[in-house]
Amino acid sequence: MERTEAKTRILKLKRVIDHHRYLYHALDKQEISEAALDSLKHELYQLEQLYPEFLTSDSPTQRIGGKPLQGFPKVAHDSPMLSIEDLFSPKELADWEAYLKKLAPSEKIDYFCEPKIDGFAISLVYQNGVFKVGSTRGSGAMGEDVTQNLKTIESIPLRLGSDPRGGSDPKRIIEVRGEVYMEKKDFEKFSADYANPRNLAAGSIRQLDPKVASQRPLKFLAYSLITNLGQQKHSEEHQLLKELGFKTYPGKECQNLSDILDFWRKTARERDRLPFQVDGIVAVVNNNALFQKLGVVGKSPRGIRAFKFSPKQATTKI
């Protein structure tokens, strides 16, 4: 195979493999068998070995890191990764809205709601469309660089599917945030060693050996687009995240507290049928400009709350 022919074939293989990765890990669809996909990956690997000048960091062959790390470097978050204050009753929900209306009496307030996954929050930074740095929440201002471990998660794209607003600056930065989690059916295999899926996800991402993380069936669900790509509502971020190549949960736009309560009750009824563990819903002021205007108190934004479910009860013998 000639060098130019090899380059063309490598580029085509990367596009095809990324297409099927997105279908399977973001859209839950499958067009070819796993064996066929494995054969494409194997061909790509062999060509990259013969022509290493065409090997790039966003290649599907670069998901599993090499040598174990000595430690995790610190990463400063350009935008703090803040916590979310909890609510536990419809009265507390009503009190929250009354508080918001007092702060912004002339504003029309509507919301976006989605399930609160029991996972591990992370930040992903892409430069010119290529995954560069993944980090933990840490203190909120400073996290740990866990890029190599996050690369092993197939539902995290190594290259963004597209830039919905057409950015062409090679220094362009796009930041995405979401949860690393493990589905309930997979967690059962590890439940003797970990209290819950969140602890397992956190423990896996903070392994110094990326090969350990690669052996855990971790997934990623995006819920926030930090970079301004023109979105005016939080609900629009979910659509943009899908265009960028991420899996998201549809959620629901809610016009009032009654809509939030309906979504909360519906999610509570369906929680046992969801593939991941949830402990409530997240309600956020949908208008991004208003959300920013409401500001932050302590380490929590005023415009977002986690509306928790009642703890499940169980009986045991002592």
Fewest-first sequence of 310, 123, 139 by Cβ atoms within 10 Å of each Cβ: 310, 139, 123
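Counting other C-beta atoms within 10 Å, which of 9, 273, 15, 21 has the fewest, and how do the rest follow?
On the way: 9 16, 273 6, 15 10, 21 20.
Placing the least packed residue first, the sequence is 273, 15, 9, 21.
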Chain lengthening between residue 256 and residue 43 when straightened (0.36 nm per residue, less Cα-Cα): 71.3 nm
Estimated distance in nm for a label pair at residue 82 and residue 1, the labels positioned 7 Å out from Cα along Cα-to-Cβ: 5.1
Region 278-297 versus region 17-83: alpha-carbon centroid distance in Å: 33
For residue 116, net neighbour charge (Lys/Arg +1, Asp/Glu -1) across residues whose Cβ lies under 13 Å away: -2
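Is the shape of region 193-234 best called rounded, prolate or oblate, per the rule: a/c under 1.5 gives rounded, else a/b larger than b/c gives prolate, else oblate, with a ≥ b ≥ c the square roots of the Cα gyration tensor eigenvalues? Can you show the working numbers first?
Details: a/c = 3.69, a/b = 2.34, b/c = 1.58.
Here region 193-234 falls in the prolate category.
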Alpha carbon centroid spacing (whole Å) that separates region 225-274 from region 113-134: 15
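Return a whole-number percent for the relative contact order of the chain, with Cα pairs under 8 Å and 6 or more residues apart as the contact set. Write out the running numbers ahead of the final one.
Working: 551 pairs, mean separation 76.0, N = 318.
It comes to 24 percent, rounded to a whole number.
Give, in nm to one decimal, the length gained when the segment between residue 130 and residue 297 is fully stretched (0.36 nm per residue of separation minus the Cα-Cα distance).
Numbers: separation 167, 0.36 × 167 = 60.12 nm, distance 3.42 nm.
Computed gain between residue 130 and residue 297 is 56.7 nm.
Would you please classify the overall shape of region 83-308 from the alpha carbon gyration tensor, given that a ≥ b ≥ c denote the square roots of the eigenvalues, rounded means a/c under 1.5, and beyond that prolate means a/b larger than b/c while oblate covers the rest? List each step's numbers first, then the result.
On the way: a/c = 1.89, a/b = 1.25, b/c = 1.52.
Oblate, because a/c is 1.5 or more while a/b does not exceed b/c.
Using the count of nearby Cβ atoms within 10 Å as a rough guide to exposure, how do 297, 284, 125, 278 rank from fewest to most? Walk me through the numbers before you get to the answer.
Working: 297 9, 284 25, 125 19, 278 22.
Result, fewest neighbours first: 297, 125, 278, 284.
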Square roots of five times the Cα gyration tensor eigenvalues for region 3-62, Å: 22, 11, 9
Label-point separation, residue 64 to residue 310 (7 Å along Cα→Cβ), nm: 4.8
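Each reported figure results from applying straightforward, stated rules to the coordinates on display, with no laboratory input. None of the values given here were measured: they were computed from a predicted structure. Here Cβ is always computed from backbone atoms with ideal geometry, including for glycine, and neighbour counts include all displayed protein chains.
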